[in-house]
Amino acid sequence: MCKNSSNTLRFLTLAVTLTAANGVCAQAAGGATGSLEGPVVAGVCYLSREAVFSNAAAGKDAGVQLQKLVTDAQAEIERDKSRAEAELIRVGVRGNISADKFTPEQSKAVQEAQAVQQRASQRSREIEATRASVLERISTAAQPLIAEAYQRHGCGVLLDRGMVLAGNMSHDLTADVVKALDARVKSIPVTLQRESATPAPGKR
């Protein structure tokens, strides 16, 4: 148990960690500079996986579903946080009271508050694991389509578009892969990958 009960009021905020799940993956900024195109390099092709994830229908749909998971998790934690904070106030837990001076009722309120912190961290990990799983599934679906585009364009090497500072992007496979992926997969069901549940306040 924390020595200073004020620590129990420092709840983990989900917003920063979980808002990363707002989209499946943000489209990469940067890439080759248009004014520095230069000649076409035979056999050199480019692909932005990030752009595939964010522009494909399956990626957009998954992003909407992930955002709902974020919103639901934030609402859940905020509800439990408000309940736990109210209980701390009701039983008179203050920052100037050391843990060894707590009454049984105060100790229970502190434990409930700490449980909310743990659940907030758990939800964050669960949503990140879910996001990673979605990216992996989209990547798996796109892989054979990338291979087909690679062969069709006569590529000899495939570079990450986001790592290219300048160059002629005539053999950018990204749009072709997005189009092919859209024709094959419109959506991917997203279900929160839960860890072992932490009991809600008052349910232990």
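Values for this structure:
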| quantity | calculated |
| --- | --- |
| Test result for Thr130, within 30 Å of Ala147 (Cα to Cα), among the polar types (S, T, N, Q), part of a helix (DSSP H, G or I) and under 25 Å from the mean Cα position of the chain (by Cα) | yes |
| Complete set of residues in region 80-109 that are touching a residue at least 60 places away in the same chain (Cβ under 8 Å) and under 30 Å from the mean Cα position of the chain (by Cα) | Asp80, Lys81, Arg83, Ala84, Glu85 |
| Residue in region 101-111 that is modelled with pLDDT of 85 or more, of a type in the set (Phe, Trp, Tyr) and surrounded by 12 or more Cβ atoms within 10 Å (Cβ to Cβ) present | no |
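The values are calculated or read from the model by the stated rules, or taken from the named source; none is laboratory data. Worth saying up front: this structure is predicted, and the values here are computed from it rather than measured. Here Cβ is always computed from backbone atoms with ideal geometry, including for glycine, and neighbour counts include all displayed protein chains.
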